[in-house]
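Below: one structure, written as structure tokens.
The values are calculated or read from the model by the stated rules, or taken from the named source; none is laboratory data. Because the structure is predicted, anything quoted here is derived from the model rather than measured. Note: ideal-geometry Cβ built from the backbone for every residue, glycine included; neighbour counts use all protein chains shown.
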Amino acid sequence: MTESVILFVDGEQVRTARGTTLASLLHARNAALRTSPAGRPRGLYCGMGVCFECMVRVDGETVRSCVTQVRDDMRVEVGQ
Amino acid sequence: MPRTADAVVVGGGIVGTAIARQLARDGVDAVLVERKAFGGAVSGASLACLGTHMHSLDELEVLVESCALWRSISDELGDPFEYNRCGQLRFILREEDLPVAQRWIDGERAFGLDPELLSPEAVRDKEPLLTGPIVAASHSPGDATVNPFLAVRALLRDGGNAGLKAFANTAVTGLQMDGDRVAGVQTERGSIATGNVILAAGPWSGQLARHADLDLPLVPRQAQCVASVRQPPSIRTVVGACESAGGVESGYTQIQQAASGQILFNTVTAPAATRPGAEDRINEAPIGFVRDSIRTLTMLFPSLSEILMLRSWVRFEAVTPDDRFLAGRLPRRGLIAAAGDNGTGFCRAPVLGRLISRIVRGEAAMPADTLYAPSRFAELRA
Amino acid sequence: MTGSSQKCEVLVIGAGPAGLAAAAAAREAGADVICLDLFARPGGQYGMQPASPASRFEAVSQVAEGRAAAARCLELGVKLLTETEVFWAEPGFRVFARQGQEALVIEANQMIVASGAMERPIPFDGWTLPGVMTAGAAQRLIKANGTLPGNSTVLAGSGPFLFAVADTFAKAGLRLRAYVELQGLGSRLLPLFVRHPSRLKEAAGLLRGLRATGASLHRRHVVVEALGGQRLEAVRLAPIGGDGKPQRSRSFTIDGVDSLCIGYGFQPVIDVTSALGAEHRHDTLLGGWRCVADPLTGATSVAGLYAAGETTGIGGAGPARLSGRIAGLGAAAGAGKTARADEIARLARQLADARDFAQGLARLFPFPGHLVDELSPSGTLCRCEDVSRADVEAAIDDGAGDALAVKMWTRAGMGPCQGRICGSSLAELVARRIGVSVAEAGCNRPHMPLRPVPLSIAGAALAQADGGCIR
């Protein structure tokens with residue numbers, strides 16, 4: 001059985017599989033992750049840490065969600 | 001590429017571009033040649049602060065005129081280069097440096113300007129995130145910044161509308177001399193016959209002058225800069241280091257947030273000049289510099305310690321023995337210098353444009369003429 | 001924050017097929033080896049490991065291969081560092097990295113860069129909409145994470161990798177709405193497989209996979225626009241005309257699409273090798289700018305620096321494994337260990353054969369850089385900074401003479417991706433407008449940091465540099 005992780009996305013408690021990336025969790029919830037400087041919606045694009053389109057805030061730090069593993073109690077802020 | 005011109009400006013940084021634009025606007029048939037990209041060397045790598053504070057009491061008249069010119073250019077051209085009259089703070093870390101700051105403030109106030117010394121609490125009203133251990137800061141409300149890339153582009157474009165012909169990727173390979181007068185420039189793309197050549201190539205101006213057997217008292221000085229990834233509005237003013245009682249310790253610090261949101265912070269590593277020729281091989285920023293820059297930024301702005309660093313780069317300023325520009329006639333007829341930014345080329349560029357245009361057109365001298373005349377150095381007297 | 005430091009004889013950047021092969025070879029030859037990778041699990045993009053051992057991809061040959069290669073490295077005593085990203089490297093070698101949220105400095109005698117490849121994107125209208133992603137991103141979502149790119153997916157672009165992604169959809173039991181390939185292929189594939197018959201079985205398997213997805217096939221078509229408001233809703237396709245350009249008059253829309261996975265091939269990741277000053281060449285067939293490496297040792301033009309795999313030119317997993325092993329032996333020899341000359345000769349022959357197949361495939365799917373011309377004036381070129389094609393062309397018309405000049409005047413390439421995503425298409429646009437070659441249009445030079453890094457981590461890593469004095 002897959003072990004699960006419990007974390008918080010914009011305050012909402014979410015359970016997901018350990019070993020997956022934060023981007024995979026977020027993309028499945030909503031493809032739009034942030035807005036560009038001109039205010040246009042953006043989502044996961046390269047999925048390998050190059051493009052920075054999937055940046056979100058985790059525990060106050062800016063991370064690329066596609067190269068960030070989900071962890072218990074992570075506080076994730078999407079769409080800043 | 002034209003075969004002849006009234007004047008050829010060598011160097012497409014902010015100084016060369018400002019001069020070329022002014023020449024064209026004053027009806028001179030001018031050509032601007034740039035070895036690589038316009039504004040791509042020293043100008044684009046700088047932080048483009050325009051101000052009167054803690055620069056030079058002797059040059060206040062020029063600085064005030066230059067600041068006013070920048071503002072009017074921005075207004076005239078429709079704000080194409082992010083002109084921002086954000087004011088400048090110079091932080092003071094040690095009590096013993098307070099008298100130095102006070103002397104600058106007194107000198108500038110005597111000239112009619114309005115800098116003042118602020119307590120740490122008053123500083124935080126102006127710059128809320130500046131919570132580091134400062135004892136005071138001076139504040140000069142009229143100082144401003146521009147986007148260095150866009151400033152060059154806008155001046156170039158405006159010059160073009162007035163008939164300026166400008167060529168990027170066109171290196172000058174030699175000066176044509178006719179006895180002791182200049183007759184033209186040779187470039188990679190052909191020669192241009194002209195009676196006026198303006199050397200505005202920053203630290204490379206010395207190499208060009210040697211084609212006319214002249215040694216300019218110019219040496220390169222390495223400066224470097226770090227930029228962060230775009231941040232929400234965090235820093236409002238230009239934050240710089242106050243000159244300390246014992247002189248500039250490890251160069252200056254300048255911190256500001258660009259219109260793009262990027263936080264830019266730079267330092268000149270040493271007051272000493274770099275060895276001649278260093279400007280020809282531009283290295284990466286030394287890691288010690290990046291480390292110290294990060295320390296300084298996060299000492300002053302502790303809440304920025306987790307922001308992402310995006311880029312670092314190096315530039316070479318052209319330094320003169322007395323920290324003033326070398327702008328005016330050289331002892332070869334038709335050869336004119338406009339170099340020696342000492343890290344503050346943007347501040348003076350519009351005035352230099354006017355000064356050099358007057359010289360080319362044979363008009364009467366202006367105050368900047370005596371300040372910057374190359375003939376103040378014995379080796380550059382005719 | 002403080003950081004830690006480590007030392008080794010051979011440092012390998014990248015734990016994909018090339019990096020793992022290099023690390024194992026260097027270790028076998030007796031060197032003390034550290035191998036680091038950005039991802040949480042070794043294997044690279046090709047041998048990517050699923051999050052869960054219960055994944056249906058566990059048995060897939062690439063996954064098994066990646067697992068075996070990583071296990072072999074661990075068994076040999078290679079120190080594997082995951083979630084580790086290099087942000088600067090100095091000759092000699094001193095490498096500054098972040099490991100998770102910690103700073104790390106590694107000193108190494110010899111260094112092998114096997115940093116792999118990244119997609120070589122071509123901007124098109126609407127490509128910034130959420131739901132549009134690279135083909136590789138889709139592959140990673142499904143294979144490594146068990147997440148669907150969407151519920152109604154179009155797979156598009158050009159090249160053999162699209163077959164592999166379709167096969168991934170098939171193996172996951174997923175449907176595809178449409179499969180869009182720029183090339184016609186048909187009989188042009190035949191001569192390649194006559195020369196490399198051993199590759200036929202793999203190719204047939206991939207084609208079966210594609211069929212199993214139920215995708216409608218659109219050969220000699222391209223995506224000309226992704227449509228939608230806040231996210232992707234539809235995809236517009238156009239057939240390729242006799243002039244090689246999309247025929248807009250015959251374009252049509254596929255509605256109800258929530259994911260578009262698109263890829264036109266790959267480019268070498270060369271940030272570390274170029275920061276260290278190694279020689280690079282531009283070769284369209286090998287993905288653009290690539291690091292030059294000696295085929296018999298993997299040595300670059302910088303002493304003690306080796307390169308392997310996609311960094312030296314796009315070729316896929318076969319050449320990656322072989323060139324990795326060669327570079328591992330080369331670096332071990334550089335560290336004073338004895339390498340077996342007979343093995344190197346055999347590997348070099350196999351590498352030449354594998355490269356021949358890869359180049360044959362690359363010729364069948366030439367990179368269609370010209371498609372950037374289809375981007376409309378208001379279309380986005382630089383995603384990070386929202387720079388349009390019109391912005392770029394206005395800068396060129398104002399006198400910007402190369403890609404760097406355009407960058408300064410438009411901010412194209414000044415965002416967090418540091419110009420990696422738009423760099424090759426910016427060079428293409430500049431080259432086309434000014435009338436120079438793509439190589440002459442210029443490229444992004446790397447600077448510290450090679451990737452954005454938190455100031456706290458950079459400061460802690462750099463503080464470990466010698467003596468605290470400024471060089």
Item checked: Test result for C:Ala135, within 13 Å of another protein chain (Cβ to nearest Cβ), under 30 Å from C:Trp88 (Cβ atoms) and of a type in the set (A, V, I, L, M, F, W, C) -> no
Checklist line | Conditions (1) at the interface with chain C (Cβ under 8 Å from one of its Cβ atoms); (2) out of contact with any helix residue (DSSP H, G or I) (no Cβ under 7 Å at 6 or more places or on another chain); (3) among the β-branched types (Val, Ile, Thr): number failed by A:Thr20 | finding: (2)
Margin query: Condition (residue is touching a residue at least 12 places away in the same chain (Cβ under 8 Å) and polar (S, T, N, Q)) applied to segment B:149-165: is it met by at least one residue?
Written below: no
Margin query: So C:Val438 ticks every box in (1) within 30 Å of B:Gly159 (Cβ to Cβ); (2) crowded, with 19+ Cβ neighbours inside 10 Å; (3) in contact with an Asp or Glu (Cβ under 8 Å, 6 or more places away or on another chain); (4) more than 9 Å from chain B (Cβ to nearest Cβ) but one. Which box is left unticked?
Written below: (1)
Check: Is at least one residue of segment C:356-365 of a type outside the set (A, V, I, L, M, F, W, C) and in a loop (DSSP other than H, G, I, E, B)?
Finding: no
Note to self: Regarding segment A:3-13, can at least one residue be identified that is surrounded by 14 or more Cβ atoms within 10 Å (Cβ to Cβ), at the interface with chain C (Cβ under 7 Å from one of its Cβ atoms) and either farther than 22 Å from B:Gln231 by Cβ or under 10 Å from the mean Cα position of the chain (by Cα) (or both)?
What the structure shows: no
Next item on the list: Please specify each residue of segment C:282-318 satisfying the condition of being among the hydroxyl-bearing types (Ser, Thr, Tyr) and either assigned to a loop (DSSP other than H, G, I, E, B) or crowded, with 24+ Cβ neighbours inside 10 Å (or both).
Entry: C:Thr297, C:Thr300, C:Ser301, C:Tyr306, C:Thr311, C:Thr312
Note to self: Quick check on this structure: which one of C:Ala89, C:Ala135 is over 27 Å from C:Lys171 (Cβ atoms), crowded, with 24+ Cβ neighbours inside 10 Å and touching a residue at least 12 places away in the same chain (Cβ under 8 Å)?
What the structure shows: C:Ala89
Next item on the list: Return the residue satisfying two criteria in turn: it lies in segment C:331-374 and is basic (Lys, Arg) and either surrounded by 16 or more Cβ atoms within 10 Å (Cβ to Cβ) or in contact (Cβ under 8 Å) with a residue 12 or more places away in the chain (or both), and of such residues it is farthest from C:Ser198 (Cα to Cα).
Entry: C:Lys337
Next item on the list: Could you tell me whether segment B:16-28 includes any residue that is among the basic types (Lys, Arg), within 13 Å of another protein chain (Cβ to nearest Cβ) and either surrounded by fewer than 24 Cβ atoms within 10 Å (Cβ to Cβ) or within 11 Å of the chain's Cα centre (by Cα) (or both)?
Entry: no
Note to self: Which residue is farthest from B:Asp26 (Cα to Cα), if the candidates are limited to segment B:312-361 and must be within 14 Å of another protein chain (Cβ to nearest Cβ) and buried (at least 21 other Cβ atoms within 10 Å of the Cβ)?
What the structure shows: B:Ser312
Next item on the list: Within segment B:293-306, identify whether any single residue is farther than 27 Å from B:Gly132 by Cβ and buried (at least 20 other Cβ atoms within 10 Å of the Cβ), and answer yes or no.
Entry: no
Notebook entry, point to check: Does C:Gly263 satisfy being at pLDDT 95 or above, among the small types (Gly, Ala, Ser), surrounded by 14 or more Cβ atoms within 10 Å (Cβ to Cβ) and farther than 26 Å from C:Met118 by Cα?
Noted result: no
Check: Quick check: is even one residue across segment A:48-58 of a type outside the set (Asp, Glu), in a strand (DSSP E or B), without any contact (Cβ under 8 Å) to a residue 12 or more places away in the chain and more than 7 Å from chain C (Cβ to nearest Cβ)?
Finding: no
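Quick grid of which residues meet (1) touching a residue at least 40 places away in the same chain (Cβ under 8 Å); (2) assigned by TED's automatic domain parsing to the domain that holds B:Arg354; (3) on the phi > 0 side of the Ramachandran plot:
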| site | (1), (2), (3) |
| --- | --- |
| B:Thr173 | no, yes, no |
| B:Val185 | yes, yes, no |
| B:Leu199 | yes, yes, no |
| B:Gln256 | yes, no, no |
Margin query: What are the pairs with Cβ atoms under 7 angstrom where one residue, in segment C:272-296, is within 29 Å of C:Glu343 (Cα to Cα) and the other, located anywhere, is aromatic (Phe, Trp, Tyr)? Sequence gap at least six, or different chains.
Written below: C:His280/C:Trp289; C:Gly287/C:Phe266; C:Ala293/C:Tyr306
Check: Is at least one residue of segment C:390-413 away from chain B (no Cβ under 14 Å) and either buried (at least 24 other Cβ atoms within 10 Å of the Cβ) or free of Cβ contacts under 8 Å to residues at least 40 places away in the same chain (or both)?
Finding: yes
Note to self: Exactly one of these conditions fails for B:Lys126: (1) in contact with a helix residue (DSSP H, G or I) (Cβ under 9 Å, 6 or more places away or on another chain); (2) outside the structural domain of B:Ala37 (by TED's automatic domain parsing). Give me its number.
What the structure shows: (1)
Item checked: Scan of segment C:25-40 for residues that are among the small types (Gly, Ala, Ser) and either surrounded by fewer than 24 Cβ atoms within 10 Å (Cβ to Cβ) or in contact with a His (Cβ under 8 Å, 6 or more places away or on another chain) (or both), ordered by number -> C:Ala29, C:Gly30, C:Ala40
Next item on the list: Answer yes if at least one residue in segment B:242-253 is modelled with pLDDT of 95 or more and crowded, with 19+ Cβ neighbours inside 10 Å, and no otherwise.
Entry: no
